[in-house]
Amino acid sequence: MKRKSNIEKIIVNYFDPYFFSVLDVSEQHRGHKNFQEDVESHFEIVIISKKFENKTKIDRHRMVNKCLEDEFTSGLHSAIIKAYTIREYKQLI
């Protein structure tokens, strides 16, 4: 849970989110070539933030990936990112 907790702290600090979710989906990769037991390596991340306003989808992903650089260099393998403005999120629900 250490990596998940680190990611959550990073999101709160950088994006001041209206809502966010960090889901560890590493277990779904059991059987893959480099799967390691009890290693947090794959996540699905949803962030709803005003900081995404007037940003393209690729720019939003770049913002999140930049914040997670240290996690990627220390074992994070994959992050599925869903980044929305508050208005976009309210239209989804």
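Annotation note: Cβ proximity below 7 Å between a residue of region 48-76 that is more than 22 Å from LEU92 (Cα to Cα) and without any contact (Cβ under 8 Å) to a residue 60 or more places away in the chain and a residue that is among the aliphatic types (A, V, I, L, M) and open to solvent by 20 Å² or more (accessible area, probe 1.4 Å) (sequence gap 6+ or interchain) occurs for CYS67/ILE10. Hey, among the residues in region 1-25 that are of a type in the set (A, V, I, L, M) and in a helix (DSSP H, G or I), which one's farthest from SER49 (Cα to Cα)? Restricting to residues being of a type in the set (A, V, I, L, M) and in a helix (DSSP H, G or I), the top hit is ILE7.
Tell me which residues, restricted to region 48-74, are of a type in the set (Asp, Glu) and not in a helix (DSSP H, G or I). Step through it out loud before you land on a result.
Kept after step one, since they are of a type in the set (Asp, Glu), are these residues of region 48-74: 53, 59, 69-71.
Answer for region 48-74, where residues must be of a type in the set (Asp, Glu) and not in a helix (DSSP H, G or I): just GLU53.
Note on region 75-93: among residues that are in a helix (DSSP H, G or I), open to solvent by 90 Å² or more (accessible area, probe 1.4 Å) and within 16 Å of SER21 (Cα to Cα), the one that is modelled with the lowest pLDDT is LEU92.
Table: residues versus (1) under 16 Å from ILE86 (Cα atoms); (2) more than 13 Å from the chain's Cα centre (by Cα); (3) open to solvent by 40 Å² or more (accessible area, probe 1.4 Å); (4) modelled with pLDDT under 85.
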site	(1), (2), (3), (4)
PHE19	yes, no, yes, no
HIS32	no, yes, yes, yes
VAL39	no, yes, yes, yes
ILE47	yes, no, no, no
LYS50	yes, yes, yes, no
ASP59	no, yes, yes, no
ARG62	no, no, yes, no
LYS66	no, no, yes, no
THR73	no, yes, yes, no
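The values are calculated or read from the model by the stated rules, or taken from the named source; none is laboratory data. This one's a predicted model, so the numbers in the text were calculated from it and none came from an experiment. Here the Cβ is made from the backbone with ideal geometry for all residues, glycine too, and neighbour counts use every protein chain on show. The accessibility values were calculated without ligands, DNA or RNA, using every heavy atom of the protein model including side chains. Shrake-Rupley method; radii C 1.70, N 1.55, O 1.52, S 1.80 Å.
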